[in-house]
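The values are calculated or read from the model by the stated rules, or taken from the named source; none is laboratory data. Because the structure is predicted, anything quoted here is derived from the model rather than measured. Because the Cβ atoms are built from the backbone with ideal geometry, glycine has one as well, and the counts that use them run over all protein chains shown. Each accessible area value is taken on the protein alone, full model and side chains, heavy atoms only, with ligands, DNA and RNA left out. Shrake-Rupley method; radii C 1.70, N 1.55, O 1.52, S 1.80 Å.
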Amino acid sequence: MEIKVVGIGPGGADFLTPQAKRAIEESQVVVGYTLYVELVADLTEGKKILSTPMKGEVQRCEMALEEALKGQKVAFVCSGDAGVYGMAGIMNQVAKNHPEVKIETISGITAACSGAALLGAPLIHDFAIISLSDLLTPLDLIMKRVKLAGEGDFVICLYNPKSKKRTEYLDMTVDILSKYRPLTTPCGYVKHIGREGEISVVCTMQDLKNNSDIDMFTTVFIGNSTTELINGKLVTPRGYKNV
């Protein structure tokens with residue numbers, strides 16, 4: 001009885017690790033959010049497919065557990081890394097009363113890493129990843145974390161910066177961070193990493209405000225006090241004094 005919670009990366013086949021590919025190929029049942037199952041469709045022929053639309057996270061975990069208890073090998077796919085805003089945590093929670101089911105986390109490439117690569121090298125020094133989605137975390141706690149990351153001069157990577165309903169949270173974040181770093185701070189954002197329509201944009205912190213190009217498929221990178229542009233690339237030095 002086993003469930004492998006598989007991070008498939010940002011979406012393109014080039015970002016799927018050999019371990020993740022093997023876990024899907026060796027499975028009998030593939031479970032996941034509809035879009036993510038579609039992204040690995042070339043690996044799922046002949047397998048049982050179980051999927052739900054967005055916000056069906058607990059239901060998908062229950063589906064995966066039910067299949068595993070039948071003795072099936074289950075691959076539970078999610079985007080990015082299964083352990084970074086992924087499904088590994090909730091899968092373990094749902095299955096906590098079934099220690100007989102082996103749950104393995106298969107790491108993938110999270111948007112912080114794949115997005116940073118498109119922009120240059122913004123995460124070379126200490127950084128914080130913060131999700132601006134308040135579906136599961138209170139907004140005041142999110143903004144407290146933004147404030148503390150600003151005080152600590154962390155490079156900040158923002159997941160879920162905007163949605164159709166959450167249009168102002170990124171602007172709120174910039175307003176908080178402007179107390180700790182100038183609005184001219186080098187920043188950048190990436191969309192649809194590894195998929196059709198992929199873009200990467202280098203900008204300033206001021207440019208992030210009222211930016212209609214940024215949505216829920218975007219990952220935002222906000223530099224710290226040392227981040228700079230080098231030949232159009234976003235770079236945060238690590239302190240090699242002789243360079």
Can you compute the helix-only [θ] at 222 nm over the chain? Use -39500 (n - 2.57) per DSSP H run of at least 4 residues, normalise by all residues, nearest 500 deg cm²/dmol.
-7500 deg cm²/dmol
Label selected from (1) 19.3, 61; (2) 16.9, 50; (3) 22.7, 76, the criterion being Rg and Dmax of the Cα atoms in Å as computed here
(1)
Can you pull the one-decimal nm distance between simple spin-label points at A117 and Q93, each 7 Å off the Cα toward Cβ?
3.1 nm
Any lysines whose Cα falls less than 19 Å from that of K191, other than same-chain ones fewer than 8 residues away, would be K162, K164, K165, K209, K233
Tell me whether the stretch 163-239 comes out rounded, prolate or oblate; compute the Cα gyration tensor, take square roots of the eigenvalues as a ≥ b ≥ c, and use a/c under 1.5 as the rounded threshold.
oblate
Local net charge near D171, Cβ-Cβ under 10 Å (Lys/Arg +1, Asp/Glu -1):
0
Take every DSSP beta bridge whose two residues both sit in the chain, then give the antiparallel share in percent to the nearest 5.
40 percent
Specify whether the C-alpha gyration tensor of the stretch 153-198 places it in the rounded, prolate or oblate class, a ≥ b ≥ c being the square roots of the eigenvalues: rounded for a/c under 1.5, otherwise prolate if a/b is larger than b/c and oblate if not.
oblate
First compute the accessible area of the chain with a 1.4 Å probe, then give the percent of it belonging to carbon and sulfur atoms.
52 percent
Over the chain, what is the relative contact order in percent, taking alpha-carbon pairs closer than 8 angstrom and at least six residues apart?
20 percent
Relative contact order for the stretch 1-109, counting Cα pairs under 8 Å that sit 6 or more residues apart, in percent:
45 percent
